[in-house]
Amino acid sequence: MIDVLVEIMDSFEGITEFVVLAEMQSFTAAGKQLGCSTSHVSRQVARLEKRLGCALVARTTRLVSLTDAGALYYQQCKELVAGLQQANEQVNSHQYQLKGTLRVSAAGTFAEVYVVPALVDFAKEHPDLTIDINFNSRLTNFVDEGYDFVLRYGKLSDSDLIARKLVNRSMVAMASPEYLAKFGIPETPDQLKQHRCIITNNDHWSFEHGGVSSRVKVSGNFNSNNAAAALYACRKGLGILYLPKSSTQNLIEEGVLVPILEPYWDSNISTWIVYQNRQFLPTRARVAIDYLLDYFSNWQE
């Protein structure tokens, strides 16, 4: 019986490295994902190929691709590795406090005002875990920069990344009474082309009316990717602003800013948790993502 168990254990050697290599298509990236050297990944995969008696990967100077045998073997092994990892993580997350550093990239007022308190509560539950949040709106290279996941809002471009919806949010168009008295009130989104607009993330604004979506290219003389700066400019009469409702700091309710184009507001702008690989997500990231999804499950704007 012991000999059989030893043989089974030996047969698993190199499978994790192979599956990660197949996912990343790079020995270097696979090493970073696993926290080991490139040479270790290469040796383990080579030993696995020797035991199996066939080539699993075709190696080039820049990229790794699977052979026909490797593609078949990968399909069989990936579920095995994912199941084993999930079993380990379920046990670990119940028995031990999370450790290490959870690195998160975030952007926008929603993340600053709502997500940060949630992560602070999460940190209090796991005192051995360090949380590192970087507020940056640019696209993130997960492998090179070491982020566990990022938080982004809006319509995401197609990619190989995994995105899970955190909340739905509604957009609001607004301007100061001073601006509207001077330049008039636009009645349709297309009329924004004749107005000064304060640009935050992009200069194409999405609207929705009667089930029909539209996009309008806008322009103006004040741009900022910071909501507080954009709101200040809007209050001072520099133009029309289009932000998620949760980012307006109650300025509309207080009468400081005036809502416009209300029938056209896009009410389905989502905030997403985006990450690279579901199967090889670290325990700290998997538990944190599940925590955030539960934390915001009943959130209303």
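A simple spin-label model places pseudo-atoms 7 Å from Cα toward Cβ; at TYR232 and THR38 they are separated by 4.6 nm. Partner lysines whose Cα lies under 26 Å from the Cα of LYS217, excluding those fewer than 8 positions away in the same chain, are identified as LYS155, LYS182, LYS193, LYS236, LYS245. For the stretch 171-267, the percent of C-alpha pairs falling in each 10 Å distance bin, counted from 0 to the bin holding the largest distance, reads 17, 57, 25, 1. In this simple spin-label approximation, THR28 and GLU145 carry label points 7 Å from Cα along the Cα→Cβ vector, and these lie 1.8 nm apart.
Note on SER214/ASP294: beta-carbon distance plugged into 1/(1 + (r/R0)^6) with R0 of 30 Å gives a FRET efficiency of 0.25.
Once the Cβ-Cβ distance of SER65 and PHE183 is raised to the sixth power relative to R0 = 51 Å, the FRET efficiency obtained is 0.30. Taking 0.36 nm per residue of sequence separation and removing the Cα-Cα distance, the THR101/GLN249 pair yields an extension gain of 50.1 nm.
Here r is the Cβ-Cβ distance between ASN221 and ASN268 and R0 is 35 Å; the resulting FRET efficiency, rounded to 0.05, is 0.70. Ignoring lysines fewer than eight residues from LYS32 along the same chain, the ones with Cα atoms less than 21 angstrom from its Cα are LYS78, LYS99. Each label was represented as a point 7 Å from its Cα along the Cα-to-Cβ direction; for VAL120 and GLN191 these points are 4.3 nm apart.
Every read-out reported here was derived from the displayed coordinates using simple, explicitly stated rules and does not represent laboratory data. Please read all numbers here as calculations on a predicted model, not as lab measurements. Cβ atoms come from the backbone with ideal geometry, glycine included; neighbour counts cover every protein chain shown.
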